[in-house]
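Worksheet: one structure, shown below.
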Amino acid sequence: MKNITYAVDMETGLVYSRVGSEVAVPVLDYDGMVPENNFKTNYNLEKMYVLSLSISQWNCLKWTKKIPKDIKNLHRKFWGFKLLK
């Protein structure tokens, strides 16, 4: 059975998640930042290998279970896990 673990980037507050040797990284959608939406920021999750993270990125992550349920569900959907109720 696979487990999902969550981390908060202590510099940005963005939430990462890890399943096995892969990590879901929030990536800013620059193209979606347009005057029509007041340059609203939106992040998309992208999958990469844990070893692809730099040491400085890794050191900024605080692994925790204290993540809001709606954010957990975004990550669970990304990984194909059942959503929390």
On average, how much area does the Cα convex hull of the chain cover when viewed from any direction, in nm²?
6.6
Computed magnitude of the charge dipole of segment 5-79 (debye, nearest 20; Cβ of K, R +1, Cβ of D, E -1)
540
Enumerate the calculated ³J(HN,Hα) couplings along segment 5-12 in order (Karplus 6.51 cos²θ - 1.76 cosθ + 1.60, θ = phi - 60°), each rounded to whole Hz, writing x wherever the residue is Gly or Pro.
10, 10, 9, 10, 6, 5, 8, 10
What angle, in degrees between 0 and 90 and rounded to the nearest 10, separates the Cα long axis of helix 69-79 from the longest principal axis of the Cα atoms of the chain?
80
Using Cα positions and a limit of under 21 Å, work out the lysines in reach of Lys66, with same-chain residues fewer than 8 apart set aside.
Lys2, Lys77, Lys82, Lys85
By per-residue mean of other Cβ atoms within 10 Å, what is the highest-first order of 26-37, 70-81, 42-53?
70-81, 42-53, 26-37
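Computed from the coordinates by the stated procedures, all read-outs in this text should not be read as laboratory data. Keep in mind it's a predicted model, so treat the numbers as computed, not measured. Methodologically, a virtual Cβ is constructed for each residue, glycine included, from the backbone with ideal geometry; neighbour enumeration extends over all protein chains shown.
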